[in-house]
Amino acid sequence: MNFPLFKTKIEGLKEKFDLTDPESRKKYFQTKAGGEIRKIQDYLSSGKTFIAYLLGKKNSGKGTYSKLFIEALGEIGQKYVEHISVGDIVRAVDEEIKDKKKKKELFDYLEKNYRGFHSLEELAFFQKSRSIKTLLPTEFILTLVRREIGRRGRKALFLDGFPRNLDQVSYSLFFRNLVDFRPDPDFFVLIDVPLTVIDQRIKYRVICPKCQTPRNLKLLPTKKICFDSKKKDFYLVCDNPECQEERMVAKEGDDLGIKPIRKRLQEDDELLKQAFSLYGIPKVVLRNTVPVEEAENLVDDYEITPEYVYRFDQKKGEVEVIQKPWIVKDDLGVSSYSLMPAPVVISLIKQVADLI
């Protein structure tokens, strides 16, 4: 697959933006894609919609990109665009089945709307016994998604988690008809993120045990970093004042990085290749990296993901934080900068504006 490079740099623009700050990010989006944002806002305000299928490897940022897209559109985005996670829908059904009243409502809906080769009792069994290695029947997933769309009303959709395998790709081509949608545009959003980026995101991620806020020791630290003299390592302190400086911790198994999910990542890659080769459906292609040798002409320095390195000053008893551009090897072995989410979303905005 050849994911093209995308230029976000505007010649002569010297203003810099803090892409971690919502207000600064708002100005950034307007400065770099204001015309395209207004076009999409007008399109949505006129009652038109679209369906975007988010396809990328696990932990490639699908949810982050769609949520920032909504943010960039302001109130129009909040009103007319939805991010729907199939995984969240399926997990919500787990809770419904435990509640007698909600279970009856679910089964009543399935009796009227589900069409497939399995009884409702079999579907309930599949739901309870599913695992990472086994997928629920596609017809069942479609019925659950259709119900969720009906709850949210007529809006543009970023669908995250469908299709999940090669067999489901053909379903996605006719998805808008299955959910009684008008013939508004639908398209694949194909996301290219190197395995090294996903690996580091997993290995260094931490979470607050109290408020569950996620961070990353290497890529997204909190304001306070401490050094554990006994373990000889650094750790983050939660920024939430209600947590009273709780020490953030890694989830069990995260130190293995992508190793436990390598097979899933290979399947995701095959799915991307399959979707990339399809005729008859437009594709939006996003890439998380830019080659180091070409970066100066394509992006601004603040659009590059920073990497944080720490050193403990024993004399001062303080942690010194060193920030530098994060350089990774892409899947072809090319030294590249990983990009912040916002510039990738600029690419998304501009391509969607061209499609509608």
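The values are calculated or read from the model by the stated rules, or taken from the named source; none is laboratory data. Nothing here was measured: the structure is a model prediction, and the numbers come from that model. Positions of Cβ are generated from backbone atoms using ideal geometry, with glycine treated the same way; all protein chains shown enter the neighbour counts.
Per-structure values
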| item | result |
| --- | --- |
| The one condition in (1) over 26 Å from VAL193 (Cβ atoms); (2) surrounded by fewer than 19 Cβ atoms within 10 Å (Cβ to Cβ) that VAL90 fails to fulfil | (1) |
| Filtered residue count, segment 150-178, keeping only those that are under 22 Å from the mean Cα position of the chain (by Cα), farther than 20 Å from TYR65 by Cβ and modelled with pLDDT of 85 or more | 0 |
| Residue satisfying all of: in segment 227-279; in contact with a helix residue (DSSP H, G or I) (Cβ under 7 Å, 6 or more places away or on another chain) and surrounded by 16 or more Cβ atoms within 10 Å (Cβ to Cβ); farthest from LYS58 (Cα to Cα) among these | ALA275 |
| Condition met for VAL193 (within 27 Å of VAL334 (Cα to Cα) and either hydrophobic (A, V, I, L, M, F, W, C) or touching a Ser or Thr at 6+ places or on another chain (Cβ under 9 Å) (or both)) | yes |
| Listing of strands (runs of 3 or more DSSP E) fully contained in segment 277-356 that carry 3 or more residues being closer than 29 Å to VAL169 by Cβ | 283-287 |
| Flag for ILE89 being out of contact with any strand residue (DSSP E or B) (no Cβ under 8 Å at 6 or more places or on another chain), closer than 26 Å to TYR53 by Cα, in contact (Cβ under 8 Å) with a residue 24 or more places away in the chain and in a helix (DSSP H, G or I) | yes |
| Residues of segment 273-291 that turn out to be at pLDDT below 90 and either in contact with a Leu (Cβ under 7 Å, 6 or more places away or on another chain) or not hydrophobic (A, V, I, L, M, F, W, C) (or both), as a count | 8 |
| Scan of segment 20-59 for residues that are farther than 26 Å from PRO185 by Cβ, in contact (Cβ under 8 Å) with a residue 40 or more places away in the chain and in contact with an Asp or Glu (Cβ under 7 Å, 6 or more places away or on another chain), ordered by number | LYS58 |
| Residues (in contact (Cβ under 8 Å) with a residue 60 or more places away in the chain and hydroxyl-bearing (Ser, Thr, Tyr)) located in segment 190-205 | THR196 |
| Subset tally (residues that are closer than 17 Å to TYR310 by Cβ, without any contact (Cβ under 8 Å) to a residue 60 or more places away in the chain and part of a strand (DSSP E or B)) for segment 206-245 | 10 |
| Residues being surrounded by 11 or more Cβ atoms within 10 Å (Cβ to Cβ) and touching a strand residue (DSSP E or B) at 6+ places or on another chain (Cβ under 7 Å) - total across segment 282-335 | 35 |
| Filter result for ARG151 (over 30 Å from GLN274 (Cβ atoms), free of Cβ contacts under 8 Å to residues at least 40 places away in the same chain and of a type outside the set (S, T, N, Q)) | yes |
| Output for segment 39-67, where each listed residue is in a helix (DSSP H, G or I), of a type in the set (A, V, I, L, M, F, W, C) and surrounded by 22 or more Cβ atoms within 10 Å (Cβ to Cβ) | ILE40 |
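Residue-by-condition table, conditions (1) among the small types (Gly, Ala, Ser); (2) under 27 Å from the mean Cα position of the chain (by Cα):
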position	(1), (2)
LYS283	no, yes
VAL290	no, yes
ALA295	yes, yes
VAL299	no, yes
PRO306	no, yes
ARG311	no, no
VAL319	no, no
PRO325	no, yes
VAL328	no, yes
